[in-house]
Amino acid sequence: MVRSNPAGVTPDYWDEACRHLVKRDRVLKKLIPQFGEARLQSRADAFTTLARSIIGQQISAKSAQATWEKFVALLPGNAAKIQPAALLAQAPEGLRVAGLSARKVDYLRDLAQHFEDGQVHVKQWTQMDDEAIIDELVAIRGIGRWTAEMFLIFHL
């Protein structure tokens, strides 16, 4: 599977996929022309997207957004691109101030450590198949198969 979608960029395959769907699907044949300018875009880099996924697990969207805002306020940089090293530099107790449980702090730190240690191969994901990417992601505490699959669908 070929993937190419840096943050904020429409995937290369988007227009071709829309043309194909208009030819093959009777419902989308009507919808795509109505919303033809709509584009699938990634909101953030892989690390930030996964961190948001962990923070949002098992809480409402409103709570997840409020917690995310408090979390990013604790770190240097901005909400669109959190650096793994910046997260690891924070004391776990300091991250709890954002309203995170001890378990979620552990999950976020494990995510950051996997990125820092190069245990996830983000640059190779465009050449890897889905199962290989899922295997990398589920090795991170707090990321299960469902989260990994949602990441593939919505980020990659």
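The values are calculated or read from the model by the stated rules, or taken from the named source; none is laboratory data. Everything quoted here is computed from the prediction, not taken from an experiment. Note that each Cβ is placed from the backbone with ideal geometry, even for glycine, and that neighbours are counted across all protein chains shown. When the accessible area is computed, the model is the full protein with side chains, heavy atoms only, and any ligands, DNA or RNA have been set aside. Shrake-Rupley method; radii C 1.70, N 1.55, O 1.52, S 1.80 Å.
Have a look at Ile82, Ile55 and point out the one that is among the aliphatic types (A, V, I, L, M), farther than 27 Å from Ala17 by Cβ and at pLDDT below 95.
Unique residue meeting the criteria: Ile82.
Does segment 32-55 contain any residue that is without any contact (Cβ under 8 Å) to a residue 12 or more places away in the chain and surrounded by 15 or more Cβ atoms within 10 Å (Cβ to Cβ)?
No, that holds for no residue.
Within segment 114-132, identify whether any single residue is modelled with pLDDT of 95 or more, open to solvent by less than 50 Å² (accessible area, probe 1.4 Å), closer than 23 Å to Asp12 by Cα and in a helix (DSSP H, G or I), and answer yes or no.
Checked segment 114-132: at least one residue is modelled with pLDDT of 95 or more, open to solvent by less than 50 Å² (accessible area, probe 1.4 Å), closer than 23 Å to Asp12 by Cα and in a helix (DSSP H, G or I).
All but one of (1) at pLDDT below 95; (2) under 15 Å from the mean Cα position of the chain (by Cα); (3) not in a helix (DSSP H, G or I) hold for Ile153, so report the exception by its number.
(3)
Quick check on my filter: what residues within segment 133-150 are in a loop (DSSP other than H, G, I, E, B) and either small (Gly, Ala, Ser) or over 23 Å from Ala85 (Cα atoms) (or both)?
Ala139, Gly142, Gly144
Can you work out which of the residues in segment 1-31 that are touching a helix residue (DSSP H, G or I) at 6+ places or on another chain (Cβ under 7 Å) and surrounded by 13 or more Cβ atoms within 10 Å (Cβ to Cβ) is modelled with the lowest pLDDT?
Restricting to residues being touching a helix residue (DSSP H, G or I) at 6+ places or on another chain (Cβ under 7 Å) and surrounded by 13 or more Cβ atoms within 10 Å (Cβ to Cβ), the top hit is Cys18.
If you check Arg145 against the conditions, is it within 16 Å of His155 (Cβ to Cβ) and open to solvent by 90 Å² or more (accessible area, probe 1.4 Å)?
For Arg145, the condition - within 16 Å of His155 (Cβ to Cβ) and open to solvent by 90 Å² or more (accessible area, probe 1.4 Å) - is met.
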